[in-house]
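A short write-up of the structure that comes next.
The values are calculated or read from the model by the stated rules, or taken from the named source; none is laboratory data. Computed from a predicted structure; not experimentally measured. Reconstructed Cβ throughout: ideal geometry from the backbone, glycine too, with neighbour counts over all protein chains shown. Accessible surface is based on the protein model in full, side chains and every heavy atom, while ligands, DNA and RNA are left aside. Shrake-Rupley method; radii C 1.70, N 1.55, O 1.52, S 1.80 Å.
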Amino acid sequence: MADTVTEAKAGFTTKFYNSLFEVAEGEKIKTCLQCADCSGVCPFGYLMDFPPGRMIAWMRAGILDKMLDTDSVWMCVSCYACTEVCPKNIPLTPGLMTRAKEELLLAGNIPTELQSALEFSQRYGNPLGESPRKRADWTADLDFEVPIMRKAKRPVDVLWFVGDYASYHPRVQKTTKAFAKLLHKLGIDFGILGPEENSDGDSQRLAGERGLFEMLAEKNGKAFSQYEFKEIITTDPHAYNAIKNEYPQLGIEYPVRHYTEFLTERIEEIKPLLKDNGKKKVTYHDPCYLGRANNIYDAPRTLLEAIPGVEIVEMSHTKSTSLCCGGGGGGMWLDGFQWEKGEVRLSDWRVKEAVTSGAEILAVACPYEPPRFEDSTKTVPGAEKIIVNDILELLIGAME
Amino acid sequence: MAKIVAIVKMVPDLVEELEINEAGTGLDRDWLRLIINEFDNHAIEQAILLKERDAGEVTVIAPDAEGVEDMLFTTAAKGADRMIKLAGDLEEGANNHALARAFAEAAKPYQPDLILTGVQANDDLDGPVGPLVAEYLGMPYVGYISGVTIEGNKAIVRKEYPGGLIGEMEVTLPAVLGIQAGEEPPRYVAISKVRQMMKTAEIDEQEISELNPNGGVIAKRMYLPEAAKRAEMIEGDEEEIAAKLVAIFKKAGAL
Ligand code: SF4
Ligand code: SF4
């Protein structure tokens with residue numbers, strides 16, 4: 001009996017190790033130098049029983065089954081910081097860390113908060129547990145109509161994938177409406193899926209629920225296939241990442257851009273619409289899934305620079321070293337868990353940096369961020385006056 | 001080895017606003033989204049926990065409804081051994097008297113030691129299912145249970161009382177238990193496991209011989225709560241408000 005248990009445990013490490021090769025460039029794991037740069041740069045590394053470097057060490061020792069009895073892997077916010085610094089370019093975030101969460105989930109070792117977000121996603125197509133029928137309700141108080149594909153029954157140039165928080169979260173809806181107004185002002189021919197849209201599923205995937213991700217992707221793929229459009233645009237870097245890098249592996253292939261790229265292309269059309277509303281110091285937070293995961297650093301800054309009176313100041317962590325807001329990889333649904341583990345919030349750390357930078361405005365480009373950072377401005381000393389705005393809100397603000 | 005039957009049902013999901021049917025006598029079922037009754041979900045968890053702890057065999061029985069198969073495959077992924085879907089003329093929904101008779105008939109052949117069900121559901125117009133099933137099978141019933149231990153032909157059950165009191169009692173098996181909460185919250189199963197079950201597990205479909213609603217209530221009118229105009233906003237400065245309040249209290253006989 002004891003022998004079979006030992007064998008099963010050793011078997012876990014081998015099985016886990018082999019499964020890493022299925023991720024793109026996964027075999028690079030063999031070249032790990034044990035330099036521990038990954039664990040050092042990880043914003044929650046000091047709270048993890050198994051930060052990436054140690055996970056690899058225990059795997060090499062054949063005793064990684066011990067990880068299944070711990071829960072601190074759930075601290076990983078899939079921020080790509082470890083992947084970015086690894087001198088051997090090992091895909092730590094999409095490979096090692098995500099596989100580890102998948103194993104924990106299969107073993108039933110999953111925080112309750114995360115469980116409800118996953119159940120909601122499965123049931124309602126969004127992690128917030130909102131009615132899918134109300135997905136387009138945010139459009140109601142605009143003074144123009146936002147075309148919903150099923151009703152519009154015509155091809156459009158741009159299919160706008162709105163996303164979960166952008167559709168339902170009361171704070172983020174302001175950003176969503178700003179984008180709608182901008183598209184309207186620019187005379188873009190666009191449409192949305194409304195109730196037919198499901199969560200992009202990317203954060204659920206990075207929280208270890210690959211099956212759920214695939215289910216959601218298939219539903220979106222089916223909805224996409226019913227309509228004619230030239231490209232997909234989204235304000236959500238997580239949706240952008242999913243549609244650009246993950247959906248094609250499931251046979252769902254469409255050109256997709258983040259709004260910052262889409263608007264930068266039209267910058268000469270936008271500039272004449274922008275007024276000078278006075279001088280403002282603005283700092284920009286690079287979202288993990290726009291920056292490190294997809295290398296988009298310039299487009300958001302180009303948009304900000306176009307606004308008269310804006311002076312950009314950078315925070316100490318910027319571009320590829322940007323600090324995660326804490327919302328990725330399931331972090332949006334693990335706030336209580338993270339607080340219990342370390343009594344820290346990554347968004348507080350980021351807002352402290354914004355204070356030090358001397359900025360009046362913290363500009364963002366991801367729907368996870370306005371609520372997280374705004375909460376932090378209420379608790380971080382000196383941050384009371386910092387305004388958190390999506391770039392879209394700043395653009396629309398400069399037009400009014 | 002205990003034979004455990006969990007009897008469960010799908011109920012209206014309150015994430016959507018409820019609509020009343022044209023006749024004004026019930027819910028408009030075209031607009032309903034259904035979800036497993038939360039208490040039934042706890043009953044399933046308790047059944048699986050008992051199986052894992054003491055060995056046993058778990059059968060889950062549910063009447064046909066939209067989404068019931070997904071729900072049954074999910075319970076299979078959690079560890080249920082047998083899933084039964086009761087089919088019949090259930091389109092307009094059946095009352096609990098009819099369902100309880102059907103549940104009792106379906107459960108009987110398995111000679112269960114324990115029947116677990118949610119203590120209540122949001123669509124229990126004619127009383128909860130558990131006591132009715134117990135009556136039809138001639139078994140004892142204990143409700144509001146939040147813990148079960150099987151000891152031979154007896155079960156020790158824990159029941160919560162107001163004020164934080166917990167009562168422990170012994171019940172002779174076979175018995176029906178109305179579950180308030182499982183010992184652990186209902187577990188999460190990865191979708192990949194559920195999808196696997198959809199390919200390998202089978203749901204046994206059984207026809208309900210007769211849906212007999214006798215003993216239930218007949219809803220004559222169902223309607224959304226009508227706003228009553230009982231609230232009065234008292235206006236004025238502090239002195240005026242205080243004086244008005246005193247007058248109101250006097251009139252009501254409270255002063
Ligand atoms: S992805 Fe980010 S949070 Fe996760 S291990 Fe790497 S550095 Fe840490
Ligand atoms: S940074 Fe890369 S090479 Fe260094 S320990 Fe981490 S995985 Fe290994």
For the full complex of protein chains and a 1.4 angstrom probe, list B:TYR110, A:TYR254 by accessible area with the highest value first. A:TYR254, B:TYR110
When you count, for each residue, the other Cβ atoms within 10 Å and take the mean per peptide, how do A:389-395, B:226-232 rank with the highest first? A:389-395, B:226-232
Treat chain B as a sphere of radius equal to its Kirkwood radius over Cα pairs and apply Stokes-Einstein at 25 °C in a medium of 0.890 mPa s; give the translational diffusion coefficient in µm²/s, rounded to a whole number. 121
Run the simple label-point estimate for A:ALA107 and B:MET1 please: 7 Å along Cα→C-beta, distance reported in nm. 2.8
Taking the Cβ-Cβ separation of B:ALA227 and B:GLU52 as r and a Förster radius of 41 Å, what is the calculated FRET efficiency to the nearest 0.05? 0.25
Exceeding 21 Å between C-alpha atoms, which entries from my cross-link table qualify? They are B:LYS9/B:LYS85; A:LYS185/A:LYS385; A:LYS181/A:LYS271. A:LYS185/A:LYS385
May I ask you to derive the relative contact order of the range A:2-106, considering only C-alpha pairs under 8 Å and at least 6 residues apart, and to give it as an integer percent? 33
Comparing each residue of the range A:125-148 in the complete protein assembly with the chain by itself (heavy atoms, probe 1.4 Å, ligands and nucleic acids ignored), those losing at least 20 Å² of accessible area are A:SER131, A:PRO132, A:ARG133, A:LYS134
Starting from the residue with the highest accessible area, list B:VAL217, B:VAL142 in decreasing order, probe 1.4 Å. B:VAL217, B:VAL142
With the contact rule set at Cα under 8 Å and sequence spacing of 6 or more, what percent relative contact order holds for chain B? 24
Rounded, prolate or oblate: pick one for the range B:99-147, where a ≥ b ≥ c are the square roots of the eigenvalues of its C-alpha gyration tensor, a/c under 1.5 means rounded, and failing that, prolate if a/b is larger than b/c, else oblate. oblate
If you take the accessible area of A alone plus B alone and subtract the pair, what total do you get in square angstrom, rounded to 100, with a 1.4 Å probe? 1700
The range A:213-312, Kirkwood Rh and Cα Rg, ratio Rg/Rh at 1.07
What translational diffusion coefficient, in µm²/s and rounded to a whole number, does the Stokes-Einstein relation yield for the protein assembly as shown at 4 °C and a viscosity of 1.567 mPa s, taking the hydrodynamic radius as the Kirkwood radius over Cα pairs? 46
Given a 1.4 Å probe and the protein chains all in place, what does the accessible area of B:ASP113 round to, in Å² to the nearest 10? 50
Ranking by accessible area, most exposed first, for A:THR31, B:THR75, A:THR379 with a 1.4 Å probe: A:THR379, A:THR31, B:THR75
For peptide B:191-197, compute the average count of partner chain beta-carbon atoms within 10 Å of each residue's beta-carbon. 5
Going 7 Å from the Cα of B:MET198 toward and past its Cβ, which residues in the range A:99-121 have a backbone nitrogen under 19 Å from where you end up? A:106, A:118-121
Mind checking the full-extension length gain between A:PHE144 and A:LYS271? Use 0.36 nm per residue of separation minus the Cα-Cα distance, one decimal, nm. 43.4 nm
Given a 1.4 Å probe, how much area per residue of the protein assembly as shown is accessible, in Å²? 46
Considering only DSSP beta bridges whose two residues both sit in the protein assembly as shown, what percent are antiparallel, to the nearest 5? 25
Rounded to a whole number, the mean other protein chain Cβ count within 10 angstrom for residues of A:99-109 is 2
With both partners inside the range B:3-207, how many of the DSSP beta bridges are antiparallel, as a percent to the nearest 5? 40
q = 0.16, 0.19 Å⁻¹: log10 I(q)/I(0) that the Debye formula gives for the range A:112-264, counting C-alpha atoms only: -0.84, -1.21
Global form of the range A:267-399, assessed from the alpha-carbon gyration tensor, a/c cut-off 1.5: prolate
A:SER357: accessible area at probe 1.4 Å, nearest 10 Å²? 30
Here the tail fraction of P(r) beyond 24 Å, over all Cα-Cα pairs of the range B:163-255, rounds in percent to 73
When the accessible area of the protein assembly as shown is computed with all protein chains present and a 1.4 Å probe, what percentage of it is carbon and sulfur? 50
Here D for the range A:2-106, in µm²/s, from Stokes-Einstein with a Kirkwood Rh over Cα pairs at 4 °C and 1.567 mPa s, works out to 95
In the range A:2-106, lysine pairs with alpha-carbon atoms under 14 angstrom apart (chain gap of 8 or more, or interchain): 4
If you count only protein heavy atoms and use a 1.4 Å probe, how large is the accessible surface of A:SER316, to the nearest 10 Å²? 100
Percent of all Cα-Cα pairs per 10 Å bin for the range B:110-229, counting from 0 up to the last occupied bin, reads 10, 28, 30, 25, 7, 1
When the dipole is taken about the Cα centre of the protein assembly as shown, and only Lys, Arg (+1) and Asp, Glu (-1) are charged at their Cβ, what size is it in debye, to the nearest 20? 1280
R0 of 60 Å, Cβ-Cβ distance A:ALA152-B:GLU151: FRET efficiency to nearest 0.05: 0.35
